[in-house]
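First comes the structure, then the notes that go with it.
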Amino acid sequence: MAGDNSRISRRGLLKTAAAAGIAGALPGAARAGRRHAFVLVHGTWHGAWVWQDVVDRLRGQGHKVIAPTCTGCGDRVHLSRPEVGLETHVRDVVNAMTFAEIDDVVLVGHSFAGVTITGVADRLRDHVRRIVFLDALVPRPGRMAAVVRDRETGEYPDWWQERAARFVDGYKMVLWDDYPVEMLVPPGEAEIVARLKRLITTHPARQWTDELVLENGGWEGLAPAYVHCVGQSYRKSSDAMVGPARSAGWRFVELDAPRDAMLTHPAEVSRLLVDLAG
């Protein structure tokens, strides 16, 4: 089956690429009466707060939504400790889904939470209807972590070792030490920039370096979809992030928004997620 490729403009208009052979899909708002379940997982340096505008919109339409904050991030930054890593974050989301008794889920991960949601899907695949990578890393053989060791030397790349020397307490990453605000949103978005500067926290480094181990196929067979934020001007997500998402069996959508699209374009993101829910 050929991959399904679409693009959403700043005004939220969904256009389907001619190669897919599908007429323009209806925005989610047009799918009145259908109610879905969403689990939204934040990326690095963020917390559940980053999804709040999207959560409010989806719940306002009657959908069930949970957006957990992972350990050592956001409002749970006080729980950070050296051993917090990828496995911790996977368990955070698994537990959130389990205790919310949520099923038939559209599981969404942003940025390097692409690795986290793949681990979650591997454990709760019977509860996941579709997995969505929002400008996120798609893990696959040879790239089962955000940062991988050299297979011959066992060493991390030089750029990572240089960065690690600046970690707070030796294990907490600070966004502003390595990236400008353009990494997330355009600097002209003054209110959003101010919000980011208030709420961005450190992030457990091991969530980037721990390798994901799969037993049940991860995202495979879960109607995977990728949303590529093409409005990003600073370090747009590369093919190293996108990985297999342009291949057959995937729904690939381009969104004219920056990396933190849930902050700058919550209406468009909400409509897109409902559309992807089917």
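When 85, 43, 74 are checked against the criterion of being buried (at least 22 other Cβ atoms within 10 Å of the Cβ), more than 14 Å from residue 274 (Cβ to Cβ) and at pLDDT 95 or above, a single residue qualifies: 43. When residue 204 is tested against (1) under 30 Å from residue 275 (Cβ atoms); (2) in contact with a strand residue (DSSP E or B) (Cβ under 8 Å, 6 or more places away or on another chain); (3) surrounded by 20 or more Cβ atoms within 10 Å (Cβ to Cβ), only condition (1) is not met. Could you tell me whether the range 21-36 includes any residue that is surrounded by 15 or more Cβ atoms within 10 Å (Cβ to Cβ), modelled with pLDDT of 95 or more and of a type outside the set (S, T, N, Q)? Yes, the range 21-36 contains a residue that is surrounded by 15 or more Cβ atoms within 10 Å (Cβ to Cβ), modelled with pLDDT of 95 or more and of a type outside the set (S, T, N, Q). Entry remark, the range 224-270: residues being among the hydrophobic types (A, V, I, L, M, F, W, C), assigned to a helix (DSSP H, G or I) and modelled with pLDDT of 95 or more number 7 in total. Is one or more of the residues making up the range 134-147 of a type outside the set (A, V, I, L, M) and in contact with a His (Cβ under 7 Å, 6 or more places away or on another chain)? Yes, the range 134-147 contains a residue that is of a type outside the set (A, V, I, L, M) and in contact with a His (Cβ under 7 Å, 6 or more places away or on another chain).
Within the range 225-250, residues that are within 14 Å of residue 137 (Cβ to Cβ) and among the β-branched types (Val, Ile, Thr) reach partners that are at pLDDT 95 or above and surrounded by fewer than 19 Cβ atoms within 10 Å (Cβ to Cβ) with beta carbons closer than 9 Å, at six or more positions or on different chains, in the pairs 227/254. The set of residues in the range 128-165 being in a loop (DSSP other than H, G, I, E, B) and surrounded by 14 or more Cβ atoms within 10 Å (Cβ to Cβ) consists of 135, 136, 137, 138, 139, 144, 145, 146, 147, 148, 149, 156.
Residues checked against (1) surrounded by fewer than 16 Cβ atoms within 10 Å (Cβ to Cβ); (2) part of a helix (DSSP H, G or I); (3) not aromatic (Phe, Trp, Tyr):
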| site | (1), (2), (3) |
| --- | --- |
| 176 | yes, yes, no |
| 188 | yes, no, yes |
| 198 | yes, yes, yes |
| 221 | yes, no, yes |
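Could you tell me whether any residue of the range 124-147 is among the hydrophobic types (A, V, I, L, M, F, W, C) and modelled with pLDDT under 95? No, there is no match, as no residue in the range 124-147 is among the hydrophobic types (A, V, I, L, M, F, W, C) and modelled with pLDDT under 95. The set of residues from the range 143-172 being closer than 16 Å to residue 207 by Cα and touching an Asp or Glu at 6+ places or on another chain (Cβ under 7 Å) comprises 144, 145, 149, 163. Look at (1) modelled with pLDDT under 95; (2) within 16 Å of residue 204 (Cα to Cα) and you find that residue 115 fails only one, number (1).
Just checking, how many residues over the range 256-278 are among the acidic types (Asp, Glu) and over 24 Å from residue 193 (Cα atoms)? Residues flagged as among the acidic types (Asp, Glu) and over 24 Å from residue 193 (Cα atoms) within the range 256-278 amount to 1.
The values are calculated or read from the model by the stated rules, or taken from the named source; none is laboratory data. The structure presented is a predicted model; accordingly, all values stated were derived computationally and were not measured. Quick reminder, even Gly has a Cβ in these numbers, built from the backbone with ideal geometry, and neighbours come from all protein chains shown.
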